[in-house]
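The values are calculated or read from the model by the stated rules, or taken from the named source; none is laboratory data. In this text the structure is predicted, and so the values were computed from the model without any measurement. All Cβ positions, glycine included, derive from the backbone under ideal geometry; neighbour counts span all protein chains shown.
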Amino acid sequence: MGLLDAVHSLQAGLDYHLARQNLLTANLAQIDTPNFRPLDLTRGGTNFSSAMHVALEATDPAHFGQAATGDSLHENFQVVPDPSASVGSDGNGVNVDREAAKLAANNVRYDALASLVSGELSGLEWAAGDGRGA
């Protein structure tokens with residue numbers, strides 16, 4: 001297991017939430033465009049339940065480090081039409097309140113992941129300094 005495996009695992013989450021933030025912001029930019037349907041981003045890979053099942057079924061501790069290497073970290077993100085969008089009289093499905101709520105929730109998740117990455121890197125900095133701090 002490498003030193004940065006935890007950081008690399010969290011990086012995929014940061015990448016997802018950054019891409020989703022950009023997509024949700026683009027939806028808001030199209031609020032006055034007739035017949036525009038809002039889009040959202042989904043993760044194309046495994047869901048959390050199946051990932052946990054695989055983790056719990058691992059028979060060798062070395063298996064845990066395998067998922068955190070290479071491009072397997074970056075799941076395929078898929079842009080999909082927003083199924084919760086209701087179309088207005090002009091055919092536009094963007095709702096400012098709904099998009100703002102999605103942006104806020106996405107921002108909280110991104111900030112939480114960024115905090116975890118910062119903690120991991122701080123721990124590595126502490127270890128690199130032989131426990132003497134910065």
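Please pick out the residue among V79, V94 that is assigned to a strand (DSSP E or B), surrounded by 11 or more Cβ atoms within 10 Å (Cβ to Cβ) and in contact (Cβ under 8 Å) with a residue 24 or more places away in the chain. I'd like the intermediate steps shown before the answer.
Details: V94 fails: assigned to a strand (DSSP E or B).
Being assigned to a strand (DSSP E or B), surrounded by 11 or more Cβ atoms within 10 Å (Cβ to Cβ) and in contact (Cβ under 8 Å) with a residue 24 or more places away in the chain holds for just one of V79, V94, which is V79.
Could you count how many residues in segment 1-24 are farther than 16 Å from R109 by Cα and outside any loop (DSSP other than H, G, I, E, B)?
First, pick out the residues of segment 1-24 that are farther than 16 Å from R109 by Cα: 1-6, 8.
Filter once more, keeping what is outside any loop (DSSP other than H, G, I, E, B): 5-6, 8.
Final tally of qualifying residues: 3.
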Checklist outcome for this item: Here the residues within segment 30-50 that are at pLDDT below 90 and either surrounded by fewer than 12 Cβ atoms within 10 Å (Cβ to Cβ) or small (G, A, S) (or both) are G44, G45, N47, F48, S49, S50
